[in-house]
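The next block holds one structure in the form of structure tokens; read it before the comments.
The values are calculated or read from the model by the stated rules, or taken from the named source; none is laboratory data. Fair warning: this is a prediction, and the values are worked out from it, not measured in the lab. FYI the Cβ positions are ideal-geometry reconstructions off the backbone, even for glycines, and counts take in every protein chain you see.
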Amino acid sequence: MNLPVFVSGWLLALGQNGNSRPNIVFIMTDDHAAHAISAYGSKINTTPHIDQLAKEGMRLDRCFVTNSICTPSRAAILTGKYSHKNGVPVFNRFDGSQQTVAKLLQSAGYHTGMFGKWHLGSDPTGFDQWKILPGQGNYHDPVFYTATKKKKESGYCTDLITDFSIDFLEKRPADKPFFLMCHHKAPHRDWQPRADKKAKWANKTVPLPETFDDDYSSRSDAAREATMRVADHLTANDVKLKPPEGLVGRDLKIWKYQRYMQDYLACVESVDDNIGRLMEHLDKKGLKENTLVIYTSDQGFFLGDHGWYDKRFMYEESLRMPFIARWPGKVKAGAASGDMVLNVDFAPTFLAAAGLPVPEDMQGKNSLGVLGGKAPEDWRTEMYYRYYHYPHDHRVQPHLGIRTLTHKLIHFNKIDQWELYDLTTDPGEMKNLIHEPNQEAKFKELKGRMLKLKKDLGDEDQFADKPPAAGVDGMPKNR
């Protein structure tokens, strides 16, 4: 497939051929909500190193996941395809024989590496070097494995993944561009910080989110059924301390929220420190100018919003992914964009940055125009979402939906209930408008647009009733 004229001309002007092709560093965390990044206006923590990336590059304010759960998002990122096309709608095994961005870059001469959380059931393919956690892995003294060995490493997981990534950069072939995927486990549940960060956050009070006391009164039955409420479903292993004697009701809910957020944000702080460490290495080695750096997470996360933890729902906190890109001279420093970018766009974008054609069967779009500050005139203004994983692990009803620049329509298809939100007047999505008589025309319009997107993307409901079987604990065991 030929690159769009505006992109091919841009790449030609940059002289991107041979060894002048950009290096690509893709840093991804697990469950890091955008609203826990100060560059996104966080009210609960600061992230100076991620903020520095944003100052030197672009922040995307409408970057969305197409299926908000770890394994499906990772498969979408690798393939540039939606869950119903890449075969990973839930926690099922990724078929590593299929085309991926890593394989395409590797075949084009890139030196490729993958370190950290893989979480796809099968071993990585398309990488010259990889070292990954088995399944979720552990925060402290974790086991990592490669193609030839498994080893328990001493140290904290976030630090170790950065160590491996830096070692990859140190030992890479000097005559090749590189593609590095640095995938952190943090800040995934059960939020076990490094000792110094845990002590730092132990007595901090974290502000409550505005929607903390959502009673779900205008929502569908799906919200009431979901078992991810801070008040009721955080376990003793999550909060790690016994609640004070006599604490009940909302006071107990707030106490659990504080314990959850103290550990979550302490984990985030280690991530931020290590991003600073990795960027410092790139800078010292003279790699900054010709390296595209991406920081993102595999999806969003509820940080007490609507009284929840976890993700899965199509609501904004879960749907929105942080996405910050730095590429000196190519991405405008200190910029922000409201153009809509999806996780299926990442692979086409990396290929285009490398001067490579984007395969016809990739469903995502090359977003270099967005990152260059000049999105194509026909750039998307709506996106399609679909979630399948029910009843495990949190009884979030399967649903599909459409998000436009101003509205969101969600259909919980198994129970045939709908939710409609006006995001301009209700950004917190607290008032479901589906039964409002003056919203009938908007409902019909959005439903029609959603079904058109569904058809255009080839979603034929092959996983609607019986998605591929997962392992006993929801994830096939690695080795």
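Of all residues in the stretch 22-46 being out of contact with any Asp or Glu (no Cβ under 9 Å at 6 or more places or on another chain) and not in a loop (DSSP other than H, G, I, E, B), which is nearest to Ala336 (Cα to Cα)? Show your work before the answer.
Applying the first criterion (out of contact with any Asp or Glu (no Cβ under 9 Å at 6 or more places or on another chain)) to the stretch 22-46 yields 22-27, 36, 41-44.
Of the ones still in play, those that are also not in a loop (DSSP other than H, G, I, E, B) are 23-27, 36.
Numbers: Asn23: 23, Ile24: 20, Val25: 20, Phe26: 19, Ile27: 19, Ala36: 17 Å.
My answer is Ala36.
Confirm whether Asp461 is outside any helix (DSSP H, G or I), of a type in the set (Asp, Glu) and either over 25 Å from the mean Cα position of the chain (by Cα) or at pLDDT below 95 (or both). Here the answer is yes, as Asp461 does meet what is asked.
Look through the stretch 148-170, keep the residues that are part of a loop (DSSP other than H, G, I, E, B) and among the charged types (D, E, K, R), and return whichever of them is farthest from Met261 (Cα to Cα).
At the first step, the residues of the stretch 148-170 found to be part of a loop (DSSP other than H, G, I, E, B) are 148-149, 153-155.
Next cut, among the charged types (D, E, K, R) only: 149, 153.
Values: Lys149: 36, Glu153: 27 Å.
That would be Lys149.
Restricting Asp426, Asp422 to residues that are in contact with a His (Cβ under 8 Å, 6 or more places away or on another chain), at pLDDT 95 or above and among the acidic types (Asp, Glu) narrows the list to Asp422. Just for the stretch 116-146: of the residues that are in a strand (DSSP E or B) and touching a residue at least 12 places away in the same chain (Cβ under 8 Å), which one is nearest to Tyr156 (Cα to Cα)? So the residue we want is His140. Failed condition for Ser165, given (1) in contact (Cβ under 8 Å) with a residue 24 or more places away in the chain; (2) buried (at least 20 other Cβ atoms within 10 Å of the Cβ); (3) touching a Pro at 6+ places or on another chain (Cβ under 9 Å); (4) not charged (D, E, K, R), with all others met? Against the list (1) in contact (Cβ under 8 Å) with a residue 24 or more places away in the chain; (2) buried (at least 20 other Cβ atoms within 10 Å of the Cβ); (3) touching a Pro at 6+ places or on another chain (Cβ under 9 Å); (4) not charged (D, E, K, R), Ser165 comes up short only on (3).
The numbered conditions (1) assigned to a helix (DSSP H, G or I); (2) under 24 Å from the mean Cα position of the chain (by Cα); (3) surrounded by fewer than 16 Cβ atoms within 10 Å (Cβ to Cβ); (4) of a type outside the set (Ser, Thr, Tyr) are all true for Cys267 except (3).
Could you tell me which of the residues Ser83, Ser68 is farther than 30 Å from Ala266 by Cβ and crowded, with 22+ Cβ neighbours inside 10 Å? Steps first, please.
Details: Ser68 fails: farther than 30 Å from Ala266 by Cβ.
Of the residues listed, the single one that is farther than 30 Å from Ala266 by Cβ and crowded, with 22+ Cβ neighbours inside 10 Å is Ser83.
Residue pairs whose Cβ atoms lie under 7 Å apart, separated by 6 or more positions or on different chains, with the first residue in the stretch 367-378 and on the phi < 0 side of the Ramachandran plot and the second of a type in the set (S, T, N, Q) and surrounded by 13 or more Cβ atoms within 10 Å (Cβ to Cβ), are Ser367/Thr349; Leu368/Thr349; Val370/Ser337. In the condition set (1) within 19 Å of His399 (Cβ to Cβ); (2) of a type in the set (A, V, I, L, M); (3) surrounded by fewer than 23 Cβ atoms within 10 Å (Cβ to Cβ); (4) at pLDDT 95 or above, Ala108 is compliant with all but (1). Considering only residues in the stretch 171-205 that are touching a Cys at 6+ places or on another chain (Cβ under 9 Å), of a type in the set (Lys, Arg) and assigned to a loop (DSSP other than H, G, I, E, B), the one that is farthest from Lys131 (Cα to Cα) turns out to be Arg194.
Counting only strands (runs of 3 or more DSSP E) that sit completely within the stretch 360-443, those holding 1 or more residues that are over 30 Å from Thr349 (Cβ atoms) and touching a Lys or Arg at 6+ places or on another chain (Cβ under 7 Å) correspond to 417-422. All conditions but one from (1) modelled with pLDDT of 95 or more; (2) within 21 Å of the chain's Cα centre (by Cα); (3) surrounded by fewer than 21 Cβ atoms within 10 Å (Cβ to Cβ) apply to His140; the one that does not is (2). Total residues in the stretch 84-102 satisfying the condition of being of a type in the set (A, V, I, L, M, F, W, C) and not in a loop (DSSP other than H, G, I, E, B): the figure is 2. Of the residues making up the stretch 206-263, those that are β-branched (Val, Ile, Thr) and in a loop (DSSP other than H, G, I, E, B) are Val206, Thr211, Thr227, Thr235, Val248.
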